[in-house]
Amino acid sequence: MRSTVPVPGSREIARVIADWFSRGARDLPWRREAVGDPGVRRDPYRVLVSEIMLQQTQVSRVVERFDPFLAHFPTIDRLAEADEASVLAAWSGLGYYRRARLLHAAARHIQREHDGRIPTDPARLAELPGVGRYTAGAVACFAFGASVPIVDGNIARVLFRVFDRRAVQGDAADMRWAWETADQIVRASSGHVPIPAINEGLMELGATVCVPGEPRCSRCPLAALCAGGAAGTANQIPSPRKTTARKSVFCSTALIMDRRGRILLERRPSPGMWSLMWQAPTLEREGVRRHAGAARFAAWLGVGVSALERLARFRHQTSHRTVHFECWRVRLDASQARPISASRRWVEPGELPGIGLSSPQARMIASAFSASSPRRGSPRARTLPR
Ligand code: ADE
């Protein structure tokens, strides 16, 4: 049954949110105010980088990686002029590496087409590689103060609940409704309430109070205005979408060190998952239900089975796949060592931070170098520290 609670007024919501945000926003590295340039609230380059990083990645992880990335590439020009490998390396740990390539391409586009200055107009911003309506709006609004709506997952959830819309996760019609509602709020508030504080406040509320699952309504500034809260439905909104099963991939990975303490790595093919990133030699199987098994893996590597010691198994989820890793230490004696193919090379430990590794590979490779791990013991199902 639909709630009979009156639908709250757009400007009232905006006022409460902007006020709440201006009093209690988290201090995040990309939120620092710009100084000097009139019409610029925040450094647009920092806003662009942070918004791309924040797509599908948790704030806490972005907080860790943001300043090191900016130290590597302090300006849009430095990013545009960098080679792709160094951009991917600096992106390490953030996952979804396609975003790093697109950000790099966007920097080159800005250098070529806009003289190295990030455009202020959302329509121009949306022409950049990797920049959709949300990111274009976020940069225009947070950096330049544009009066545009933005909707991400957090904002959509807040709006669905406040208006008691029984939305389904990821549903296209519900998302259209969220954009229209956000637009209505911005129009009703323009000239009365600062738009960046509304947009970022809604986002902040979704991230910290109106969280997925059970919302923290007792701490919510919108509690008195929330139709979903009054109807008792907020914790069921949005309802989960029917999921399609992720594909399973089974990877057997070989940690092979030489006497000088270097590790053998290879480059992944392109296109595909983790395209062109480095990894310890990995036999990957799709459309099967288990790992290759020691004998097959040893044959693939060109070593005897006795050279293998199984260290760990763990699972890694990507957006479309569950990747099951099995990680082996391989002891080579001189007679076993097979020639290194062109796509493989020995890598010094000191080089590792500078080459692009996916997070599961970084996790396995770190275990190869750590003194305490790998340890001997049960050959089954040990997991590795993250
Ligand atoms: N997620 C996306 N953009 C964000 C921002 N500017 N602050 C916090 N979380 C975000």
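The values are calculated or read from the model by the stated rules, or taken from the named source; none is laboratory data. Nothing here was measured: the structure is a model prediction, and the numbers come from that model. Don't worry about glycine lacking a Cβ; one is built from the backbone with ideal geometry, like all the others, and counts go over all protein chains shown. What goes into the accessible areas is simple: the full protein's heavy atoms, side chains included, and nothing from ligands, DNA or RNA. Shrake-Rupley method; radii C 1.70, N 1.55, O 1.52, S 1.80 Å.
What the table shows:
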| read-out | value |
| --- | --- |
| Apportionment of accessible area to carbon and sulfur, the chain, percent (1.4 Å) | 51 |
| Volume in Å³ per residue [convex hull over Cα atoms, computed for the stretch 82-212] | 124 |
| Solvent exposure ordering (accessible area, 1.4 Å, most first) of 320, 291, 192 | 320, 192, 291 |
| Of 182, 304, 213, farthest towards positive along the dipole that unit charges on Lys, Arg, Asp, Glu beta carbons give the chain | 304 |
| Tilt relative to the chain, helix 59-72 - C-alpha long axis, 0 to 90 degrees, to 10 | 70 |
| Residue 305 - accessible surface, heavy atoms, 1.4 Å probe, Å² rounded to 10 | 80 |
| Residue 218 - accessible surface, heavy atoms, 1.4 Å probe, Å² rounded to 10 | 120 |
| Accessible surface, the chain, averaged per residue in Å² (probe 1.4 Å) | 49 |
| In degrees, nearest ten, helix 172-189 long axis to first principal axis of the chain (Cα) | 50 |
| Sequence-separation-based contact order of the stretch 42-144, relative, with Cα cut under 8 Å and 6+ spacing, percent | 33 |
| Overall Cα dimensions of the stretch 42-144, principal axis frame, Å, largest first | 31, 26, 22 |
| Relative contact order for the chain, counting Cα pairs under 8 Å that sit 6 or more residues apart, in percent | 17 |
| Probe 1.4 Å - accessible area at residue 75, Å² to nearest ten | 60 |
| Heavy-atom SASA rank of 57, 243 (probe 1.4 Å, accessible area, largest first) | 243, 57 |
| Radius ratio Rg over Rh of the stretch 113-164, counting only Cα atoms, Kirkwood formula for Rh | 1.09 |
